[in-house]
Amino acid sequence: MKPPICPRCPNCGNRQYHAVQPAEFLTFSKDRLCLACNTRYAPPTPLWATIVFILIGGLLCVGCGLSVVIVLIRGMPAALPTNLAFFALGVFCIRLGVMSRFETVLVAPDIDEPEPANKPEST
Ligand SMILES: [Zn+2]
């Protein structure tokens, strides 16, 4: 099951977490486990990751799509499964990139966080 998407813990607002293996097959980062309340959540997908997913998917689709056409024209059926598999991977990457723009990002509750303890004082 996909964890809720939030920049901080969606349950308590804590920023401290432990990185854990993502629940999904292909993600740009690991899931997070809140150190205060053990809530599992995932950080929002940044725009650069969306662009990378769509670019890689587009390249795979165009390259493997053309290759499938060439394979069919030249009559080389042995190369067809590999090209179709990579074409499908390209479609999957594009879908992942597009869907990441429509993910629902939760708003974390506000907490009174203490100032960093070892902040240097300038006098
Ligand atoms: Zn928490």
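Laboratory data are not the source of any read-out in this text; all were calculated from the coordinates shown. These numbers come from a predicted model, not from an experiment. All Cβ positions, even for glycine, are placed from backbone atoms using ideal geometry, and neighbour counts span all protein chains on display.
Throw me the Rg/Rh for region 1-44, computed over C-alpha atoms with Kirkwood Rh, two decimals.
Taking Rh as the inverse mean 1/r over Cα pairs, Rg/Rh reads 0.92.
Add -39500 (n - 2.57) for each DSSP H run of 4 or more in the chain, then divide by its residues: what number comes out at 222 nm, to the nearest 500 deg cm²/dmol?
-14000 deg cm²/dmol
Mind pulling the angle between the C-alpha long axis of helix 47-74 and the longest principal axis of the chain? Nearest 10 degrees, somewhere in 0 to 90.
10 degrees
As an exercise, identify the trypsin sites (Lys or Arg not before Pro) in region 1-89 lying in DSSP coil whose Cβ has no more than 12 other Cβ atoms within 10 Å.
For trypsin sites (Lys or Arg not before Pro) across region 1-89 that sit outside H, G, I, E and B with at most 12 neighbouring Cβ atoms in 10 Å, the list is empty.
Treating each Cα of region 45-102 as an identical point scatterer and ignoring solvent, apply the Debye formula and state log10 I(q)/I(0) at q = 0.16, 0.23, 0.28 Å⁻¹.
Taken in order of the listed q values, log10 I(q)/I(0) reads -0.50, -0.77, -0.97.
In Å and from the alpha-carbon atoms only, list the Rg and Dmax of the chain.
According to the Cα coordinates of the chain, Rg and Dmax are 21.2, 79 Å.
Using amide H atoms built 1.01 Å from N in the peptide plane, name the residues 5+ places from residue 5, or on other chains, whose amide H lies under 5 Å from its own.
For residue 5, whose amide H was placed from the backbone, the distant partners under 5 Å are 42, 106.
Run the dipole for the chain about the Cα centre, Lys and Arg Cβ at +1, Asp and Glu Cβ at -1, nothing else charged, and hand back the magnitude in debye, nearest 20.
Roughly 520 debye, rounded to the nearest 20.
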